[in-house]
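Taking it in order: structure first as structure tokens, then the write-up.
The values are calculated or read from the model by the stated rules, or taken from the named source; none is laboratory data. Just so you know, these numbers come straight off a predicted model, no measurement behind them. No Cβ is skipped: glycine too gets one built from the backbone with ideal geometry, and neighbour counts run over all protein chains shown. Quick note on the areas: whole protein, heavy atoms, side chains included, nothing else; ligands and nucleic acids left out. Shrake-Rupley method; radii C 1.70, N 1.55, O 1.52, S 1.80 Å.
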Amino acid sequence: MNQPRGVVFGQDGNLYVGNSGTNQVQVFTINGVFLRQFNVPTSGIYGLVMGVDGNLYISDPGNKRIDVVSTSGVLRGASVASGWGATQGIAVDTAGNVYVADTTGNVVREYNESGTAVTIFGTGVAGSSLGQLNHPTAVAIDSQGYVYVYDKNNSRVEVFNSSAQALRTW
């Protein structure tokens with residue numbers, strides 16, 4: 001492995017590891033047996049999640065996009081959104097919406113299945129007040145739809161409801 005930056009279980013039960021240094025995804029059994037690897041068209045993998053559609057979603061900050069790749073390595077599409085800074089953290093909720101941490105834009109954006117931005121979390125201005133983010137690098141969604149954002153330069157986690165209202169930090 002070379003600079004692994006993402007790890008996720010697939011619907012097939014295998015473990016997928018995104019290697020930023022080689023722009024490859026390696027596939028292992030749950031017992032660590034190497035199965036295969038494939039190249040992905042990125043400038044570096046910074047986030048890797050499994051979508052409800054069975055595809056891998058890969059955060060590619062150098063190209064400012066999200067690549068959608070099958071578990072066999074076939075590129076299904078790339079989403080390039082204007083206004084993105086460096087995309088890092090990525091999450092997919094149970095409805096198939098994709099959440100992207102825009103590190104330099106100081107927001108997390110939610111996109112529906114058609115690729116339309118539907119919600120923005122954070123103000124877009126770096127800060128430390130409730131509702132502001134400063135270099136968000138990771139995002140997770142719980143079963144109730146709450147959005148958890150790791151806010152790197154504030155050394156905290158900020159929690160939002162599904163309507164992008166900031167609730168608390170820790």
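Scanning for something free of Cβ contacts under 8 Å to residues at least 24 places away in the same chain, open to solvent by 30 Å² or more (accessible area, probe 1.4 Å) and within 21 Å of Asp102 (Cβ to Cβ), does the stretch 2-18 turn up at least one residue?
no
Given the criterion touching a Pro at 6+ places or on another chain (Cβ under 8 Å), of a type in the set (A, V, I, L, M) and not in a loop (DSSP other than H, G, I, E, B), identify the matching residue among Val100, Val118, Val108.
Details: Val100 fails: touching a Pro at 6+ places or on another chain (Cβ under 8 Å); Val118 fails: touching a Pro at 6+ places or on another chain (Cβ under 8 Å).
Result: Val108 is the single residue among Val100, Val118, Val108 that is touching a Pro at 6+ places or on another chain (Cβ under 8 Å), of a type in the set (A, V, I, L, M) and not in a loop (DSSP other than H, G, I, E, B).
Hey, could you check the stretch 69-88 for residues that are outside any loop (DSSP other than H, G, I, E, B) and either at pLDDT 90 or above or open to solvent by 30 Å² or more (accessible area, probe 1.4 Å) (or both) and say which is farthest from Tyr146 (Cα to Cα)?
Ranking the qualifying residues of the stretch 69-88, first place goes to Leu75.
With Val157, Val125 as the choices, which residue is among the aliphatic types (A, V, I, L, M), closer than 21 Å to Thr104 by Cβ, without any contact (Cβ under 8 Å) to a residue 24 or more places away in the chain and open to solvent by 70 Å² or more (accessible area, probe 1.4 Å)?
Val125
Going through Val107, Val92 one at a time, which residue ends up being more than 15 Å from Gly47 (Cβ to Cβ) and under 14 Å from the mean Cα position of the chain (by Cα)?
Val107
Would it be correct to say that Asn134 is open to solvent by 30 Å² or more (accessible area, probe 1.4 Å) and without any contact (Cβ under 8 Å) to a residue 40 or more places away in the chain?
In short, yes.
Among Asp151, Asp142, which is touching an Asp or Glu at 6+ places or on another chain (Cβ under 8 Å) and over 20 Å from Leu56 (Cβ atoms)?
Within the list Asp151, Asp142, the selection yields Asp151.
Contact list please: Cβ distance under 8 Å, first residue in the stretch 141-152 and without any contact (Cβ under 8 Å) to a residue 60 or more places away in the chain and assigned to a strand (DSSP E or B), second residue acidic (Asp, Glu) and exposed (fewer than 13 other Cβ atoms within 10 Å of the Cβ), pairs at least six apart or on different chains.
Pairs that qualify, where the first residue is without any contact (Cβ under 8 Å) to a residue 60 or more places away in the chain and assigned to a strand (DSSP E or B) and the partner is acidic (Asp, Glu) and exposed (fewer than 13 other Cβ atoms within 10 Å of the Cβ), are Tyr148/Asp142.
Restricting to the stretch 89-122, give me the number of residues that are of a type outside the set (S, T, N, Q) and either at positive phi or open to solvent by 30 Å² or more (accessible area, probe 1.4 Å) (or both).
10
Mind checking which residues of the stretch 61-82 are under 14 Å from Gly115 (Cα atoms) and over 10 Å from the mean Cα position of the chain (by Cα)?
Of everything in the stretch 61-82, those that are under 14 Å from Gly115 (Cα atoms) and over 10 Å from the mean Cα position of the chain (by Cα) turn out to be Arg65, Asp67, Val68, Arg76, Gly77, Ala78, Ser79, Val80, Ala81, Ser82.
It is to be established whether one or more residues within the stretch 38-60 are of a type in the set (Phe, Trp, Tyr), farther than 19 Å from Ala117 by Cα, open to solvent by 20 Å² or more (accessible area, probe 1.4 Å) and in contact (Cβ under 8 Å) with a residue 40 or more places away in the chain.
Checked the stretch 38-60: at least one residue is of a type in the set (Phe, Trp, Tyr), farther than 19 Å from Ala117 by Cα, open to solvent by 20 Å² or more (accessible area, probe 1.4 Å) and in contact (Cβ under 8 Å) with a residue 40 or more places away in the chain.
Starting from residues that are open to solvent by 50 Å² or more (accessible area, probe 1.4 Å) and in contact (Cβ under 8 Å) with a residue 12 or more places away in the chain, keep the ones in the stretch 21-31 and report whichever is nearest to the chain's Cα centre (by Cα). I'd like the intermediate steps shown before the answer.
First pass over the stretch 21-31, keeping only residues open to solvent by 50 Å² or more (accessible area, probe 1.4 Å): 22, 30-31.
Add one more test, that the residue is in contact (Cβ under 8 Å) with a residue 12 or more places away in the chain, and what stays is 22, 30.
On the way: Thr22: 19, Ile30: 22 Å.
Taking the candidates together, the pick is Thr22.
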